[in-house]
DNA sequence: AAAAAAG
């Protein structure tokens, strides 16, 4: 047991050793020879204990001492969140079991510190501080929840017992208090409830679903993973995202949160050699972060089984369920061996949630809670949105003007980061080339580039080496790039939700940002939605855009599904209006935020709230 | 129509 493994695998393996120890079949280490006999159930207090009575501690690198689990053993294969529900007092009196102080044995020492050098964390902290969240910007965020028995939000991390190891990582991240999405999501998730959440990325969403998952895995009943094949691994949590870079980002964050908790996070995505990912998986996995294509590949090779999944989280869930992705997601969630809704716990997140997608998504959920957190950093005052009328043929020179102006007020010789969105991959390449030959260091990211090139481009942009990144929609969602000062919609998207996601790459974590859009007659279909959105976020709407909007407003398509200050509203409200169980938590003086919206779908639940397709 | 995601 020299390599790092997840604690659950360790326990499962030693359980198997227990079973085979006295038999004639015990000739090889588990995981290297032919599949051992299927392990019988081993009570938690006996797990991880060699057949002989040597002391167990040395070989165990899990987060919880063996005895800590003794109260949990129902023997159920799904020792999952549903069981957690009634454990309101859990954790109390067993605090000593958390974190495994003194238990950092050989295996644990090899865990790379994702925060940087342990003894010199200053640098890491400064780095984190720069990308830190501006909490003041969150004070007035409106929050809306609906569903049955919604657990009340928490105001501090201390109120919830996430475990000492996790708390320490929260401190390392300098998270002082939870963001609105965290305040609501954490208690909902700890209560074992399913969740559909509308919240801007950059509002602390990743932490919001990672904390309860990590905490739940740490304290959950030690799962006994079946040993179907020695090379099959059984993650307990699955986090899916639509792009490779976003999966990488989630993985990096989750690694910080799970540092020294014994919870193992592994990432798998396409475009990279699969062998290395397979090796990582073999070393044990509790939380698997993946893109759909690579995961399907792993499932078909039977290298991953979803049989033990307790937690499923879909990031950018609306994107994951749109036409391109839906079949793959259904295959993963419904047609493989994942436990059904109600058995597993499912959490869906996105900044936008069109109602037709909500309807699809409800297939994956069981008695879920809908949570909408007012947009932060996107479509609020934090991002200044400008729209300029630019003919197709003038776009390049106009961009040049913007970049020149920006260079003039660059900070300390470093040019502010500018993210330029274009419609096509070819367009991205040609614009990048043109910028470069005109003296603007630019790079590009899109799906025709190799994964190495994509990652290199992102690094080079983040570091300021090439302060201009030309991107397709691959970079539109979820990517957290600190210090993006300016998002240029060189080509506007056809879908207003895509626009929302794109401009959300600036104004991250409550900071301010600028978004400029080049609009021309080709974008007429977006005019209405764009004008409405800008109006809702107190932006100046040019008169010419309003005229376009009035002209193209007949279509009805592209109308924002939720409207108002949220990326969406619970579609269940549409069919049954005065359904009970809804609550409104105005964060502080949030009510004021409701006043300004026009057009009848600002904040009320009245008949003005209609969906785009009913 | 384009983009993404498996090779």
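Some notes on this structure:
- Residue that is farthest from DNA strand B (Cβ to nearest atom), among those in region A:413-430 that are part of a helix (DSSP H, G or I) and surrounded by fewer than 23 Cβ atoms within 10 Å (Cβ to Cβ): A:430
- For residue A:474, the conditions (1) within 8 Å of DNA strand B (Cβ to nearest atom); (2) in a loop (DSSP other than H, G, I, E, B); (3) more than 20 Å from residue A:522 (Cβ to Cβ) are fulfilled apart from (2).
- When residue A:567 is tested against the conditions (1) crowded, with 20+ Cβ neighbours inside 10 Å; (2) modelled with pLDDT of 85 or more, the lone failure is (2).
- Hey, residue A:556 part of a loop (DSSP other than H, G, I, E, B), modelled with pLDDT under 90 and under 30 Å from residue A:179 (Cβ atoms) or not: no
- Filter result for residue A:322 (within 12 Å of DNA strand B (Cβ to nearest atom), part of a loop (DSSP other than H, G, I, E, B) and in contact (Cβ under 8 Å) with a residue 12 or more places away in the chain): yes
- Set A:467, A:441: member being away from DNA strand B (no atom under 16 Å from the Cβ), surrounded by fewer than 20 Cβ atoms within 10 Å (Cβ to Cβ) and in contact (Cβ under 8 Å) with a residue 24 or more places away in the chain: A:441
- Checklist (1) under 30 Å from residue A:444 (Cβ atoms); (2) modelled with pLDDT of 95 or more applied to residue A:235, failing item: (1)
- Qualifying residue in region A:223-239 (condition: within 16 Å of DNA strand B (Cβ to nearest atom) and either assigned to a loop (DSSP other than H, G, I, E, B) or under 28 Å from residue A:383 (Cβ atoms) (or both)): yes
- Total residues in region A:245-297, condition near DNA strand B (Cβ under 10 Å from one of its atoms) and not in a helix (DSSP H, G or I): 8
- Close contacts from region A:446-463, counting a first residue that is in contact (Cβ under 8 Å) with a residue 60 or more places away in the chain and under 13 Å from residue A:248 (Cα atoms) and a second that is assigned to a loop (DSSP other than H, G, I, E, B) and away from DNA strand B (no atom under 12 Å from the Cβ), with Cβ to Cβ under 9 Å and a gap of 6+ residues or different chains, come to A:458/A:481.
- Members of region A:194-217 found to be in a helix (DSSP H, G or I) and touching a helix residue (DSSP H, G or I) at 6+ places or on another chain (Cβ under 7 Å), listed by number: A:205, A:206, A:207, A:208, A:209, A:210, A:211, A:212, A:214, A:215, A:216
- Condition met for residue A:498 (surrounded by fewer than 24 Cβ atoms within 10 Å (Cβ to Cβ), within 13 Å of DNA strand B (Cβ to nearest atom) and outside any loop (DSSP other than H, G, I, E, B)): yes
- Residues that are over 14 Å from residue A:189 (Cα atoms) and either assigned to a loop (DSSP other than H, G, I, E, B) or in contact with a strand residue (DSSP E or B) (Cβ under 9 Å, 6 or more places away or on another chain) (or both), drawn from region A:158-168: A:158, A:159, A:163
- Within region A:298-310, the set of residues being more than 13 Å from DNA strand B (Cβ to nearest atom) and buried (at least 24 other Cβ atoms within 10 Å of the Cβ) comprises A:308, A:309, A:310.
- Test: residue in region A:453-463 that is within 12 Å of DNA strand B (Cβ to nearest atom), outside any loop (DSSP other than H, G, I, E, B) and surrounded by fewer than 16 Cβ atoms within 10 Å (Cβ to Cβ): yes
- Flag for residue A:330 being away from DNA strand B (no atom under 12 Å from the Cβ), in contact with a helix residue (DSSP H, G or I) (Cβ under 9 Å, 6 or more places away or on another chain) and assigned to a helix (DSSP H, G or I): yes
The values are calculated or read from the model by the stated rules, or taken from the named source; none is laboratory data. Quick caveat, the model's predicted, so the values are computed rather than measured. Using ideal geometry, Cβ is built from the backbone for each residue, glycine included, and neighbour counts are taken over all protein chains shown.
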